[in-house]
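Dropping the structure in here first, questions after.
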Amino acid sequence: MTPISFETAAVHAGREDFRTLGVHAAPLDLSTTYPVGELADAIRDIDAMIAGGRPERNAIYSRLANTTVDRFERAFAELEHADDAVAFGSGMAAVTAALLVARQRGAHVVAVRPLYGGTDHLLESRLLSLDVTWATPDTVADAIRAETALVVIETPGNPTLSLVDIADVVRQAGRVPVLVDSTFATPVLQRPVELGATLSLHSATKYLGGHGDVMAGVIATNHDWARALRQVRILTGAVLHPMGAYMLHRGLQTLAVRVKAAQATAIDLAARLARSPAVERVYFPGLPGGDPRRLIGRQMTGPGAMISFDVAGGFDAAATVLREVRLLTPAVSLGSTDSLIQHPAGLTHRVIGEAARAEEGLSPGMLRVSVGLESADDLWADLNDALTAATATATAHEPREAVTV
Ligand SMILES: *Cc1c(COP(=O)(O)O)cnc(C)c1O
């Protein structure tokens, strides 16, 4: 059979046995424990799982393995064109597991900012006793040492939506595995493993779930890392609940249509924001100057559906926009069917501290929008009204010191 397209795989992956099973929706396996048949068989399965593998017949206990989670993992690996995938109870649980595996192999990690606030904070906290060198996308090679076990990048970056050249970082990293947080892209727009990355990590809470009702993480990777990640997952208990896995697997079926529709609306909105006098700067890879390395077309098939912008009037104006929007939901997170708007300096990136925020060009007036599936005209009408209110308030209050957070 000729290889099927991404769109087709998104609908059919993980459903290959449905005809045999005589079902049309995935079975949901909620068992926490499983009756043991022949003891020798159970022991073989336990041994396989201790080694990081999957059981042949019996999962024994649901922290070790679960057939519904397994089904989602196999489907997701197929979409990422990876050997395997391992799912976790949250994106941060996935990040932690990857860092713990790296920690077993060497104490040094090279990381490139900007990263998700939680990942940045975890690396800075020394909670996992990792020695971290912060590099720029061009200085990764210089930062590698003999004991470097992992290079961590995120593209598109959060919240500035800057793109990092994955293949170039992989080349610079040499023998050191590269982890790409690909949450903002999804496999619809970008497949890091195909570009040489060892790990493609997602907060599945975002686009993969797609409806704001599942918290999960997933890493697509090779067999060696998948085994090591499963071993850590068993030990730390960072498992994904089967209900979450069921919903994620269902969400994959509409992933391509959701991401492409949201992206088309984002392209439209970014252009309108760029023309608005109430907006000082728009951060969007699809705008002129937004993709200096020309990675769209090469690394990503499109600019995605996340937009950040600086509101004229700084913190106060941004706070007014959040208060005034009626259709957009003022909330953190992203990748839901409804559009969300949030304030990175005050919310998602509060934890990294002011110095790191300033270094990343993360201003007090910046807002980040996750474009959903509403009509572009309706979203623009709502944003434009809120921006108009913000400009009016800012003018009324002038001159006044902007509040720095
Ligand atoms: C949300 C997010 C995370 C963390 O995922 P959780 O599911 O919230 O634990 C990591 N990376 C990126 C880019 C994110 O947006």
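The values are calculated or read from the model by the stated rules, or taken from the named source; none is laboratory data. Keep in mind that this is a model prediction, so the values were computed, not measured. All Cβ positions, glycine included, derive from the backbone under ideal geometry; neighbour counts span all protein chains shown. Side chains are part of the model used for accessible areas, which takes the heavy atoms of the whole protein and leaves out ligands, DNA and RNA. Shrake-Rupley method; radii C 1.70, N 1.55, O 1.52, S 1.80 Å.
By how many degrees, 0 to 90 and rounded to 10, does the Cα axis of helix 376-397 deviate from the longest principal axis of the chain?
50
While we're on this one: If I build a Gaussian network model for the chain, linking alpha-carbon pairs within less than 10 angstrom, which residue out of 44, 54, 71 has the largest mean-square fluctuation?
Ranking 44, 54, 71 by mean-square fluctuation puts 44 first.
Taking K and R as +1 and D and E as -1, what net charge do the other residues with C-beta under 10 Å from the C-beta of residue 222 add up to?
Around residue 222, the charge tally is -2.
Between beta-carbons, use under 13 Å as the cut-off and find the net charge around residue 324, counting Lys and Arg +1, Asp and Glu -1.
-1
Compute the Rg/Rh shape ratio of segment 256-396: radius of gyration over Kirkwood radius, all on alpha-carbon atoms.
0.95
Shape of segment 11-111 from its Cα gyration tensor (a ≥ b ≥ c, root eigenvalues): rounded if a/c is under 1.5, otherwise prolate when a/b > b/c, or oblate?
Oblate, since a/c reaches 1.5 and b/c is not below a/b.
For the chain, just list the percent of Cα-Cα distances falling in each 20 Å bin from zero outward, please.
Percent of pairs per bin, in order: 27, 55, 17, 1.
Run lengths n ≥ 4 of DSSP H only: what is the helix-derived mean residue ellipticity at 222 nm for the chain, with -39500 (n - 2.57) per run over all residues, to the nearest 500?
Value at 222 nm, helices only: -12000 deg cm²/dmol.
Counting only heavy atoms of protein chains, what accessible area per residue, in Å², does segment 174-216 have with a probe of 1.4 Å?
Dividing the accessible area of segment 174-216 by its residue count gives 26 Å².
At a 1.4 Å probe radius, carbon and sulfur cover how many percent of the accessible area of the chain?
55
Most fluctuating residue of 132, 151, 36 in a GNM of the chain with Cα springs under 10 Å: which is it?
36
Using 0.36 nm times the number of residues separating residue 126 and residue 38, minus their current alpha carbon distance, what extension gain do you get?
Gain in length upon complete extension: 27.1 nm.
Among the trypsin sites (Lys or Arg not before Pro) within segment 208-299, which fall in a DSSP loop and have no more than 14 other Cβ atoms within 10 Å of their own Cβ?
293, 294, 298
Rounded, prolate or oblate: which one fits segment 161-275, using the alpha carbon gyration tensor with axes a ≥ b ≥ c (rounded when a/c is under 1.5, else prolate when a/b beats b/c, else oblate)?
oblate
With the chain treated as a Gaussian network of Cα nodes joined by springs under 10 Å, which of 290, 52, 353 yields the largest mean-square fluctuation?
Residue with maximal mean-square fluctuation among 290, 52, 353: 353.
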